[in-house]
1. Say each of residue 6 and residue 54 gets a label point 7 Å from the Cα, pointing the same way as Cα to Cβ; how far apart are those two points in nm?
2. Just order 40-48, 89-97 by mean Cβ neighbour count inside 10 Å, highest at the front, would you?
3. Putting +1 on Lys and Arg Cβ atoms and -1 on Asp and Glu Cβ atoms, find which of 38, 131, 108 reaches farthest to the positive end of the dipole of the chain.
4. What dipole magnitude, in Debye to the nearest 20, does the stretch 15-134 give about its Cα centre under +1 on Lys/Arg Cβ and -1 on Asp/Glu Cβ?
5. Measure off 7 Å from each Cα along the Cα-to-Cβ vector at residue 19 and residue 75, then give the distance between these two points in nanometres to one decimal.
6. Summing Lys, Arg as +1 and Asp, Glu as -1, what charge do residues with Cβ under 15 Å from the Cβ of residue 105 carry, residue 105 excluded?
7. Quick one: net charge around residue 43, please, counting Lys, Arg +1 and Asp, Glu -1 for every other residue with C-beta under 9 Å from its C-beta.
8. Would you mind estimating how fast the stretch 52-137 diffuses translationally, via Stokes-Einstein at 20 °C and 1.002 mPa s with the Kirkwood radius over Cα pairs, in µm²/s?
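Rule-based calculations on the coordinates, nothing more; no lab input. For clarity, every value in this text was computed on a predicted model and none was experimentally measured. Cβ sites come from the backbone with ideal geometry, for glycine too, and all protein chains shown count toward neighbours.
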Amino acid sequence: MADRPLPKTNEADTRAFWEATRDSRLTYQKCSDCGTVVFYPRRHCTGCLGRNLVWEESAGCGSVYTYSVVRQSYHPFFRDKVPYAVAWIDLDEGPRLLSNVVGVDDPVSDIRIGMRVAVTWEEHDDLCIPLFEPDED
Ligand SMILES: [Zn+2]
């Protein structure tokens, strides 16, 4: 079975994010000057262009902002996973990140916009990939 394509972990802006995933910590940046939440990781604040960003840790809970179901993939890793959901997840702390919703029987009928989700981790040698699964009472 093919391996998931993984991000580079040696890039200046994203290294700290991926290092934190090794410990199952989902992090994001926040501007010390204006309070803007910044995600994906970068060097400057998207609100004020300042460089005083600090790392914060998310509890890993959020909701589905929107999603799409992939029914056909030619990549060897994803080919066996169809149909699967690609979703924008709004974390409760503010960041919006692209991920997958997993742990559902049928992504076509079992996912909806606004649905509560929680992070779950797919482990690899040098990092973990944050995925999301339903978290509804
Ligand atoms: Zn700022």
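1. Inter-label distance under the simple model: 3.1 nm.
2. Numbers: 40-48: 14.6, 89-97: 18.3.
Descending mean neighbour count gives 89-97, 40-48.
3. About the Cα centre, the residue reaching furthest to the positive side is 38.
4. Result for the stretch 15-134 is approximately 520 debye, rounded to the nearest 20.
5. Inter-label distance under the simple model: 2.6 nm.
6. That sum, taken over residues with Cβ under 15 Å, equals -2.
7. +1
8. Translational D for this selection: 157 µm²/s.
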